[in-house]
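A short write-up of the structure that comes next.
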Amino acid sequence: MNVRCFDSPEQATAALAGRIADAIRDRPALVLGLPTGRTPISLYAELRRLHAAGALDFSRVSTFNLDEFVGLEASDAGSFRQYMERHLFRGVNLARERIHFLDGAATDPDTECARYENALDAAGGIDLQVLGIGVNGHIGFNEPGDSLISRTHRVTLADTTRRDNAAAFGGDAARVPAEALTIGMGAIMRASAVALVATGPEKASCIERMIRGPVTARLPASFLQLRRHVEVYLDRAAARRL
């Protein structure tokens, strides 16, 4: 892993935004995997700024988001689709037909997961997968367990994950959907390049285990040790145990 440490969260996400911008300039039709959560908000703000300054063109980029809550329409304020609309999609010139998203309100979640997996395959896989990390070491919504699932699938969310997402539901973790749809570990591991960003002291323990600990399904992010082309962007608080 190529680990980079910055003085502040803003510097870490600005550096990652620069990495994404360079990748798009080098390959205008880039297939970009995208996360949600608190940390990427400043990342997306910087990408919007670069686009507004005329320094970044998204018109040929295709995006695949990692996950979505089960039971939420795309128009629901708590959905990840609306998060992405607020923080990125409305602020750049992404072609609507190039935005790929899981449908949390699908009547048959298993069929929806298969559709998304097929769309990933049809796109040729992900060129650059951007990741955050949960405090329990999940990436996407691939939660810790006895084993990990390779393909896009339905998952029961851990209590820690629901608490981490409570802000979008009035601060009430009980209102966070109990299930989600997520890209599996296979698509993440097959991506041409992976860039993970983590900030804040609450991420320090899982970052240490991700980089230095054993590869285990109990910490899904640890599987990134098994692949090449992984870049890790940290602030000093997240890196304090390295």
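The values are calculated or read from the model by the stated rules, or taken from the named source; none is laboratory data. All figures in this text were calculated on a predicted structure; none of them were measured in a lab. Cβ: placed from backbone, ideal geometry, glycine included. Neighbour counts: every protein chain shown.
Brief remarks on what is shown
- Residues in the range 129-186 that are among the polar types (S, T, N, Q), in contact with a Ser or Thr (Cβ under 8 Å, 6 or more places away or on another chain) and within 18 Å of M84 (Cβ to Cβ): T152, T182.
- Neighbours by Cβ (under 7 Å, 6+ apart or cross-chain): first from the range 166-181, at negative phi; second of a type in the set (K, R) and not in a helix (DSSP H, G or I): E179/R154; L181/R154
- Of residues in the range 111-139 being in contact (Cβ under 8 Å) with a residue 40 or more places away in the chain and among the polar types (S, T, N, Q), the one surrounded by the most Cβ atoms within 10 Å (Cβ to Cβ): Q129
- Candidates are the residues of the range 188-242 that are outside any strand (DSSP E or B) and free of Cβ contacts under 8 Å to residues at least 24 places away in the same chain; the one that is nearest to I20 (Cα to Cα) is R228.
- Verdict on R162 being modelled with pLDDT of 95 or more, surrounded by 15 or more Cβ atoms within 10 Å (Cβ to Cβ) and not in a helix (DSSP H, G or I): no
- Qualifying residue in the range 218-241 (condition: acidic (D, E), modelled with pLDDT under 95 and more than 22 Å from G124 (Cβ to Cβ)): no
- Residue that is within 29 Å of E202 (Cα to Cα) and basic (K, R), where the choices are R115, R190: R190
- Residue check: T182 meets all listed conditions (1) touching a strand residue (DSSP E or B) at 6+ places or on another chain (Cβ under 7 Å); (2) farther than 16 Å from D110 by Cα; (3) of a type in the set (V, I, T) but one, namely (2).
- D108 meets the conditions (1) loosely packed, with under 15 Cβ neighbours inside 10 Å; (2) free of Cβ contacts under 8 Å to residues at least 40 places away in the same chain; (3) over 18 Å from A180 (Cα atoms) in every case but one. The failed one is (3).
- Residue check, R98 closer than 17 Å to F58 by Cα and either among the acidic types (D, E) or in contact (Cβ under 8 Å) with a residue 24 or more places away in the chain (or both): yes
- Count of residues meeting criterion [under 18 Å from S192 (Cα atoms), in contact with a strand residue (DSSP E or B) (Cβ under 7 Å, 6 or more places away or on another chain) and either of a type in the set (G, A, S) or crowded, with 18+ Cβ neighbours inside 10 Å (or both)] in the range 1-18: 1
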